[in-house]
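Undergrad: My questions will all concern the structure given below.
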Amino acid sequence: EYDREWWKEAVVYQIYPRSFNDSNGDGVGDIPGIVEKLDYLDELGVDVVWLNPVYESPGVDNGYDIADYRAINDRYGTMADWEELLAGLHDRDMRLIMDLVVNHTSDEHAWFQRSRSSRDSEYRDYYIWREGRSLREAGVSEAEFDASEYHLPRGVRELPPNDWESFFGGSAWTYDEETGEWYLHLFDERQPDLNWQSETLREEIYEMMGWWLQKGIDGFRMDVINLISKPEGLPDGDDSDAIVRGADQFVNGPNIHEYISEMHDRVLSNYDAMTVGEMAEVTVDEALRFSEDGMSMVFNFDHLRLDFGPEGGRWTKGEWTLDGLRSTLTEWQEGLEAEGWNSLHFNNHDEPRMVSRFGDDGEYRRESAKLLATLLLTLKGTPFMYQGEEIGMQNYPFSSLTEVRDVDTLNNVRFARESGRLETDEEVLELVQHRSRDNARTPMQWHDDEHAGFTNGTPWMPVNPNYTEVNVAAARRDERSVHRYYRHLLSLRDEYEVFVYGDYTLHTPDHEQVWAYSRVTTDAELFVVLNFDGTATTYAPPADVVGEAELLASNYGLATGGIGETLDLSPWEARVYLLD
Ligand code: TEU
């Protein structure tokens, strides 16, 4: 009676290869290092690996700047190593989805090198080139004009074709002296945007996708895929609240559904492939449309914006609330209940560590990490774990900007300083601690030997000093560990179909600290209760769940079953009951 798909029943484990396991001592994680840990993943009980980019790349954005879509970056290994990884996963009945980064390439990609060589190059329209605007056209006076803002060569006095901003700060355009035009880059200037209006370019992308699917991969995570359609004329942004200026123009652009449908019809429909589209801004209604286009699911980030500041944008500091988190996720649970399918995620390589962000970094680190695991693994949708969350890894305690590697952080801090929005080092460090993607990119902590067993060389990023207590080896020995709890919940998902297909019903729309909900199918009901706070509390469950029940999971190791008329909940206590 369900619309069954393998990817609806799976749990995905995201591996950031640079920080997972280094097999050759160069301080950077690699593919053979992942192969060494396949039994670890198998024992954990995950079903799919999402591998962040391992393609040929100069590494400006740690691989999201691709120079050759069909070659493996030799820092990560060879294509033979990659084939061994795929075979090793499939031998263990696990699957592999690769990262598809087709909104942009590296500026070192052969296509861009040819495109920038001349205005008549046959590759010119693979990218987005435009003449600049004169000061007069842009309505900027000589006095206002600041050439340094655009790194213009001497004597060139013009402005970018429009006012769009990069997600990494500054203008989304860079002037290229060779042909005297500007090219668009919604990310770093070394990541030029591809022009999806070119059918020839789209053809090249579909052929490349087919090449990887023919090798046996099981699908793609699609990087910022709802940015690929840009409107005719590239008009200025006209929404001052947009996440970055111009986003109202280039997010979900005019041809986006045509392109996603075409990609599905031309390539993906020939495979039983899982696709998850990363979408910077997407509503439930748009997510439903992307499902109609053939996308399995999308990543939305509404719940990961709740701690943005009032000024708006990622590089601001605010506070999330339980009410915000619960209502945002409930909107998505209810919105995609009948059609479409949710992805579930609280962590990835771009976000701070979930226990530090939504849980407790102190006394209740383990209990809160397990509570968050309960939320991730008992909501309706496909859960995406990020390497290290299964042992409750935390944000890195930055002591100086010299420890930061991330281009997004470095660029945004530079632009914020230049604009005067950030002044003191303390302000900068506080924001870096709150927001930097490097919080999630410190090496995986395997055991308590030097560098946490990640490398026997010098790690490219410092290891979190808490690795002596927080590591896989210690967790596997400790029956109360976060790791053990994840394994238990993952095994429950395999055993009870209600975890996958049960409909979500919220019981506590406005309780100040308790979030309780049910998951219901025709023959089973889960009752989940989460005390989302560091203080103990009591909670009276709805009358129709009180009574006989089996306690399937408890982050305090409770054994008893039965649901009483009032529940005494300890700080950060999570329980999962099965009602007959
Ligand atoms: O992330 C896109 C990205 O940076 C989003 O976090 C976006 O900035 C945010 O949702 C807007 O609020 C993808 C990759 O995950 C990231 O690692 C890359 O740096 C980026 O695209 C460019 O490829």
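The values are calculated or read from the model by the stated rules, or taken from the named source; none is laboratory data. Because the structure is a prediction, the values reported are computed rather than measured. Quick reminder, even Gly has a Cβ in these numbers, built from the backbone with ideal geometry, and neighbours come from all protein chains shown. Quick note on the areas: whole protein, heavy atoms, side chains included, nothing else; ligands and nucleic acids left out. Shrake-Rupley method; radii C 1.70, N 1.55, O 1.52, S 1.80 Å.
Rundown of residues vs (1) open to solvent by 10 Å² or more (accessible area, probe 1.4 Å); (2) under 25 Å from residue 383 (Cα atoms), yes/no style:
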site	(1), (2)
235	yes, no
262	yes, no
274	no, yes
279	no, yes
283	yes, yes
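Undergrad: Let me ask something additional. Does segment 45-92 hold any residues that are among the acidic types (Asp, Glu) and free of Cβ contacts under 8 Å to residues at least 24 places away in the same chain, and which are they?
TA: Result: 56, 74, 91.
Undergrad: In addition: Filter segment 218-233 down to the residues that are open to solvent by 30 Å² or more (accessible area, probe 1.4 Å) and either in contact (Cβ under 8 Å) with a residue 60 or more places away in the chain or of a type in the set (D, E, K, R) (or both) and list them by number.
TA: Across segment 218-233, the qualifying residue is only 232.
Undergrad: Still on this model: Regarding segment 303-314, can at least one residue be identified that is away from the ligand (no atom under 16 Å from the Cβ) and either touching a Cys at 6+ places or on another chain (Cβ under 7 Å) or in contact (Cβ under 8 Å) with a residue 12 or more places away in the chain (or both)?
TA: No, there is no match, as no residue in segment 303-314 is away from the ligand (no atom under 16 Å from the Cβ) and either touching a Cys at 6+ places or on another chain (Cβ under 7 Å) or in contact (Cβ under 8 Å) with a residue 12 or more places away in the chain (or both).
Undergrad: Being in contact with a strand residue (DSSP E or B) (Cβ under 7 Å, 6 or more places away or on another chain) and not in a loop (DSSP other than H, G, I, E, B) is the filter here; which residues of segment 372-404 pass it?
TA: 374, 375, 376, 377, 378, 382, 383, 384, 385, 386
Undergrad: Take the residues of segment 154-165 that are surrounded by 11 or more Cβ atoms within 10 Å (Cβ to Cβ) and over 27 Å from residue 64 (Cα atoms): which is nearest to the ligand (Cβ to nearest atom)?
TA: So, considering only residues that are surrounded by 11 or more Cβ atoms within 10 Å (Cβ to Cβ) and over 27 Å from residue 64 (Cα atoms), the one nearest to the ligand (Cβ to nearest atom) is 159.
Undergrad: Look through 541, 509 and report the one residue that is crowded, with 18+ Cβ neighbours inside 10 Å and in a loop (DSSP other than H, G, I, E, B).
TA: 541
Undergrad: When segment 91-107 is examined, which residues are found to be within 14 Å of the ligand (Cβ to nearest atom) and of a type in the set (Asp, Glu)?
TA: 99, 107
Conditions (1) open to solvent by 10 Å² or more (accessible area, probe 1.4 Å); (2) touching a residue at least 40 places away in the same chain (Cβ under 8 Å); (3) among the aliphatic types (A, V, I, L, M), marked per residue:
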| site | (1), (2), (3) |
| --- | --- |
| 167 | yes, yes, no |
| 174 | yes, no, no |
| 177 | yes, no, no |
| 187 | yes, yes, no |
| 192 | no, yes, no |
| 201 | no, yes, yes |
| 207 | yes, no, no |
| 211 | yes, yes, no |
| 216 | yes, yes, no |
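Undergrad: Only one of (1) farther than 25 Å from residue 389 by Cβ; (2) at pLDDT 95 or above is not met by residue 28, so which one is it?
TA: Going through (1) farther than 25 Å from residue 389 by Cβ; (2) at pLDDT 95 or above one by one, residue 28 breaks only (1).
Undergrad: Scanning for something over 17 Å from residue 96 (Cα atoms) and either within 16 Å of the ligand (Cβ to nearest atom) or of a type in the set (A, V, I, L, M) (or both), does segment 261-272 turn up at least one residue?
TA: yes
Undergrad: Look through 426, 351 and report the one residue that is assigned by TED's automatic domain parsing to the domain that holds residue 15, within 16 Å of the ligand (Cβ to nearest atom) and surrounded by fewer than 23 Cβ atoms within 10 Å (Cβ to Cβ).
TA: 351
Undergrad: Still on this structure, I have one more. Give segment 153-165 a look and list any residue that's free of Cβ contacts under 8 Å to residues at least 40 places away in the same chain and closer than 30 Å to residue 280 by Cα, or say none.
TA: 159, 160
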